[in-house]
Structure formats: structure tokens, C-alpha cells
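Step one of this worksheet: look at the structure below.
The values are calculated or read from the model by the stated rules, or taken from the named source; none is laboratory data. Fair warning: this is a prediction, and the values are worked out from it, not measured in the lab. Cβ coordinates were reconstructed from backbone atoms using ideal geometry, including for glycine residues, and neighbour counts include every protein chain displayed. To get the accessible areas, we keep the full protein, side chains included, count just its heavy atoms, and leave off ligands, DNA and RNA. Shrake-Rupley method; radii C 1.70, N 1.55, O 1.52, S 1.80 Å.
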Amino acid sequence: MPGFDSIARIGYGAMVLEGYYGGIEDAQGVEVLRHAIERGAMIDSADAYGGGHNEELVAKAVQGRREKAFIATKFGIVFDEGETGNAIETGWGFSLNINGSTEYARKSLDASLRRLGCDYVDLYYLHYPDPKVDIEESVGAMAHEVEAGKVRHIGLSNVTAEQVRRAHAVHPVRAVQYEYSLWRREAERELLPTLRELGVALVAWSPLGAGFLAGAADAPPEGDFRNNNPRFTGDNLQANRDRFAPLREIAESLDITPAQLALAWLLHQGEDIYAIPGSRKIERIDENAKAENIKLPEDVLKKIDALAPVGITKGATLV
Ligand SMILES: NC(=O)c1ccc[n+]([C@@H]2O[C@H](COP(=O)([O-])OP(=O)(O)OC[C@H]3O[C@@H](n4cnc5c(N)ncnc54)[C@H](OP(=O)(O)O)[C@@H]3O)[C@@H](O)[C@H]2O)c1
């Protein structure tokens, strides 16, 4: 049974299997997930991905190999019309309804375990803090599930440094998930130093900039979720393309791919950093996993720092 410290630092983000950045058949999605599990990657899911469908895919992939798998899932985004929550703005042109109450936490975990076909999850995250429920209540409810043996570690996602401190005072938080990549380094300002002080790992979501840093620099096709992201639209996209083009040359000079450069850079920011890139292709899972063994020279790290400092990307989002 893999513990947090023995899993690969390049995990696998399963959200991409739900059609946000292009479709994939279920059978193929299960194959991709199995491959990631065999590689020792933490599988990152959420109840809201595909309205429960993502966890059902994970269930098929872990069947017969639960003891090998490290499964992370999340609750808090309301996706069932019969449930209520409190609205938050995402900065992506839509709002989300969040419910972080004790009752919803309990109900959501039981539903996730049913869909996953498991009796525990390795890491259980609050997906977003509920603006009207104290984080102490949400984490208290999750702590109860740790005691009940249904959750091994508690995580938070899209939180402020202050919220982590408050939550950590109720029950140790093992990991915080936040957008962190070469084009989104804001976590370095306040969140990451706080996590380090508390001994909490940072799990970087969209570590490839939703594909941009791996080479997807064209305008997204119609229906693609990235059209909601101001970094991918209008003049911002061209400005970002120009800004980040030199990264490709750096990758080429090191004989690695742009995706590997982006992931290796992240892992060089500290041993407490994990990345969960998503891909629908088995060969890309292998390509991305290799980033864990890439050593970037000091002068390259300095060059990258100068090229992509905090706040340089056009089209910031709120969380
Ligand atoms: N906590 C949160 O609020 C939150 C928010 C967003 C995401 N997440 C988690 O983070 C995970 C990753 O984020 P993400 O999917 O948004 O973005 P990402 O991992 O930064 O990028 C995924 C995109 O990159 C492409 N890609 C992957 N590897 C590649 C490679 N080696 N070469 C070229 N292209 C490559 C994929 O396309 P192909 O499929 O075609 O390979 C996909 O379109 C999600 O799956 C989800 O689990 C969490």
C-alpha cells in the first residue's frame, strides 16, 4: 500500500478524461489510468469531474489492484441539482456552488467511496473552501472520516495561507492542491512559505498550464474548456505565446520536451512539490514521468526565473 512519501512526485490528473480538453472513450481512459497506477502515480480525481463519472472510471482501473493505487478525490463543488451551495467566482466567466458543511462532507465521501468501489481514499480534499462555512467545520468533518478509517490523509484545494493555518490547527493537513506552474507562480508568494512552515506538501494542478507549456499554444477549438481561461483568449494568448516561446528553445537545447522542462522545473522548486499532469495518451504519461529524473543545471534555472517571474502571464484568474 503506497504511503504519501513513497508515491511518484509526478502523479496523474484524471480530469482530462472527462472531455474538458477533448474527448476519449471510457475503455481507453481506463487503460490510461491503469498505466498511471502501474507507474506509481497518485491518481487525482474529484466527485465533480464528469458528475461522478470520473470516479467510476477510476473504480474500473483500480479493480484488482487497490493495494497498488494511491487515490485522491475531492468534495465541495455541488454538481447534483438537488443539492445547495454557496456561489464563488472563478474568474473563468462562471461561478461554482460550494458546500463545505459537515453533512455534505459525510454524504459526499460515502457517495465517492460507492462510485470508487473502495472502502477508503488515500487523500481526501476539500475542492474549494465554502465562503459561508468555516473551514474548521469542513476539516473537522474530514477528520471524523480519518477516525472512521475512510480517509488516510486530509487535503485542501484552492485555499489561502490563512485558511491552511486555521484548518491545520484542527487536524494535520497533508497536502494543498493549487494551480502552480511556470505561468502561474503566485503560490510562491505566501502559500508555499506557509505550507513549508507547517510541513504540508503542495500538489500542483495544471502543472503544464492546461497544455500551454507542453506546446498547446494555438487558440483552443470550439467547445474546449480552455476558452473560459483568459490566458488562452484574445490578445492575451499571443502575448503569452511570445513571452514563453524561449522555454521551447531551452527544452530543445537540453534534449527534453517542453512538458518535461515544465515538470522538472516544478520539482526543482522543492522536495515537497508534487505535480499531477493530465493526458489521454499513455506515451505522454511515460514522457511526463521521466521529468522526475531530469536534473536542470543552475544556469538554466536562473534563465527560466528571469523569463517567467511571478505575475508575468497575461490573463490572471482568481484562484
Ligand atoms: N483542484 C483544482 O481546482 C483543479 C483544477 C484543475 C485541474 N486539477 C487537477 O489537475 C490535473 C491537471 O490539470 P489540467 O488537466 O488542467 O492541466 P495540465 O495537466 O497542465 O495539462 C493537460 C493538457 O496537457 C496535455 N499534455 C499532457 N502531457 C503532455 C505532453 N507530454 N505533451 C503535450 N501535451 C501534453 C494534455 O493533452 P492530451 O490529453 O492530448 O495529452 C492536456 O490537454 C487535472 O486533471 C485535475 O486532476 C485540479
Open item on the list: Two decimals, Cα atoms only, Kirkwood Rh: what is Rg/Rh over segment 188-319?
Closed with: 0.95
Task: FRET efficiency, 1/(1 + (r/R0)^6) with R0 22 Å, evaluated for residue 252 and residue 312 via beta carbons - done: 0.55
Task: Most mobile of 44, 134, 305 in a GNM of the chain (Cα contacts under 10 Å) - done: 305
Open item on the list: If I ignore ligands, DNA and RNA and count only protein heavy atoms, how much of residue 126 is accessible to a 1.4 Å probe, in Å² to the nearest 10?
Closed with: 0 Å²
- [ ] Please go through segment 159-204 and write out the trypsin sites (Lys or Arg not before Pro) that DSSP classes as loop and that have at most 15 other C-beta atoms within 10 Å.
- [x] 189
Task: Percent of Cα-Cα distances greater than 35 Å, calculated over the chain - done: 15 percent
Open item on the list: Which residue fluctuates most in the GNM of the chain (Cα springs below 10 Å): 274, 20, 128?
Closed with: 20
Task: Added length on full extension, which subtracts the Cα-Cα distance from 0.36 nm per residue, residue 235 to residue 292 - done: 17.1 nm
Task: q = 0.20, 0.28, 0.31, 0.32 Å⁻¹, segment 57-111: log10 I(q)/I(0) [Debye, one scatterer per Cα] - done: -0.82, -1.08, -1.20, -1.24
Task: Distance from segment 179-244 to segment 10-45 (C-alpha centre basis), Å - done: 20 Å
Open item on the list: What does the net charge come to around residue 179 if you take all other residues with beta carbon closer than 10 Å to its beta carbon, with K and R at +1 and D and E at -1?
Closed with: +1
TODO: Any lysines with Cα under 20 Å of the residue 150 Cα? List them, leaving off those in the same chain fewer than 8 positions away.
DONE: 60, 68, 74, 107
Open item on the list: I want to check the label-to-label distance for residue 303 and residue 102. Put each point 7 Å from Cα in the C-beta direction and report it in nm to one decimal.
Closed with: 5.7 nm
Task: For residue 100, distant residues with modelled amide H under 5 Å away - done: 130
TODO: Divide the volume of the convex hull of the Cα atoms of segment 21-123 by its number of residues and quote the answer in cubic angstrom per residue.
DONE: 118 Å³
Open item on the list: Ignoring solvent entirely, what values of log10 I(q)/I(0) come out of the Debye formula for segment 121-217 at 0.15, 0.16, 0.21, 0.23 Å⁻¹ when each Cα is a single scatterer?
Closed with: -0.59, -0.66, -1.00, -1.14
